[in-house]
């Protein structure tokens, strides 16, 4: 092998020179070859990785100039576009479903309203049940940057008076119920004839009961439940008062103001649950 570059040694800064060692011939046993280079020429100590015939030992200027670096890929723009597309689909689905009903509203109509392809909807949500679930989840989050469930948890963590906690739940209900109850009532109607929607209704009911059981457990752990009321009983009471059916009866059918509705929920739960 002729003129093989073995190593580049020495500092690689803009103000110093780079030392280059070039060799000729095959690698030799250590006893046949002297040192790679004269250390006095470079003023440096070379690390010998193998013994070779050194035919050239020279220096070259370190080239200055900007180093091209690979731009780090960021997906923030793509993520934001996906978020906007998802929001547009949910908006369109909610509008059409509440206006025209579940049976009449097609995925194609929602796609046209959201200005996306049908394929995009199926990839994102899997069909109408997935869109209904997304509408419900957005409604349950309430308004503002902090989800209602998170605000409920924060209220329970900082407040020791159970009556204040429950009145806080009543106020959250006035925010969440108008957003989620209409779509839950639509889901109830669709579940009578659509197996997928029936399964979704059961899923959402079970999820709400689980949440109410968590709230009831917190009240019980703090000793706030009155005698004869256990966690399961308290959870079922709160599950009933948080139902879309009660909102339908009092607000949609009887025309109660939403503030009165929230106060009623709080008063009823305090009377039913607390010592």
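Rundown of residues vs (1) surrounded by fewer than 16 Cβ atoms within 10 Å (Cβ to Cβ); (2) within 26 Å of residue 139 (Cα to Cα); (3) outside the structural domain of residue 189 (by TED's automatic domain parsing), yes/no style:
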| site | (1), (2), (3) |
| --- | --- |
| 221 | yes, no, no |
| 225 | no, no, no |
| 235 | no, yes, no |
| 244 | no, yes, no |
| 248 | no, yes, no |
| 259 | yes, yes, no |
| 262 | no, yes, no |
| 265 | no, yes, no |
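Looking at region 219-226, is at least one residue assigned to a helix (DSSP H, G or I), more than 22 Å from the chain's Cα centre (by Cα) and in contact (Cβ under 8 Å) with a residue 24 or more places away in the chain?
Within region 219-226 (the criterion being assigned to a helix (DSSP H, G or I), more than 22 Å from the chain's Cα centre (by Cα) and in contact (Cβ under 8 Å) with a residue 24 or more places away in the chain), the answer is yes, since at least one residue qualifies.
Go through (1) over 30 Å from residue 223 (Cβ atoms); (2) within 23 Å of the chain's Cα centre (by Cα); (3) in the same structural domain as residue 226 (by TED's automatic domain parsing); (4) assigned to a helix (DSSP H, G or I) one by one and return the number of the condition residue 206 breaks.
Status for residue 206: all satisfied but (1).
Has region 258-271 got any residue that is without any contact (Cβ under 8 Å) to a residue 40 or more places away in the chain and not in a helix (DSSP H, G or I)?
No, because not a single residue in region 258-271 is without any contact (Cβ under 8 Å) to a residue 40 or more places away in the chain and not in a helix (DSSP H, G or I).
Residue check, residue 166 against (1) over 26 Å from the mean Cα position of the chain (by Cα); (2) closer than 19 Å to residue 204 by Cα, all met but one. Which one?
The one condition residue 166 does not meet is (2).
Counting just the residues of region 188-198 that are touching a residue at least 60 places away in the same chain (Cβ under 8 Å) and assigned to a helix (DSSP H, G or I), which one comes out farthest from the chain's Cα centre (by Cα)?
It comes out as 189.
Test residue 209 against the criterion of being under 29 Å from residue 144 (Cα atoms) and buried (at least 19 other Cβ atoms within 10 Å of the Cβ), and give yes or no.
It is false that residue 209 is under 29 Å from residue 144 (Cα atoms) and buried (at least 19 other Cβ atoms within 10 Å of the Cβ).
The values are calculated or read from the model by the stated rules, or taken from the named source; none is laboratory data. Because the structure is a prediction, the values reported are computed rather than measured. Methodologically, a virtual Cβ is constructed for each residue, glycine included, from the backbone with ideal geometry; neighbour enumeration extends over all protein chains shown.
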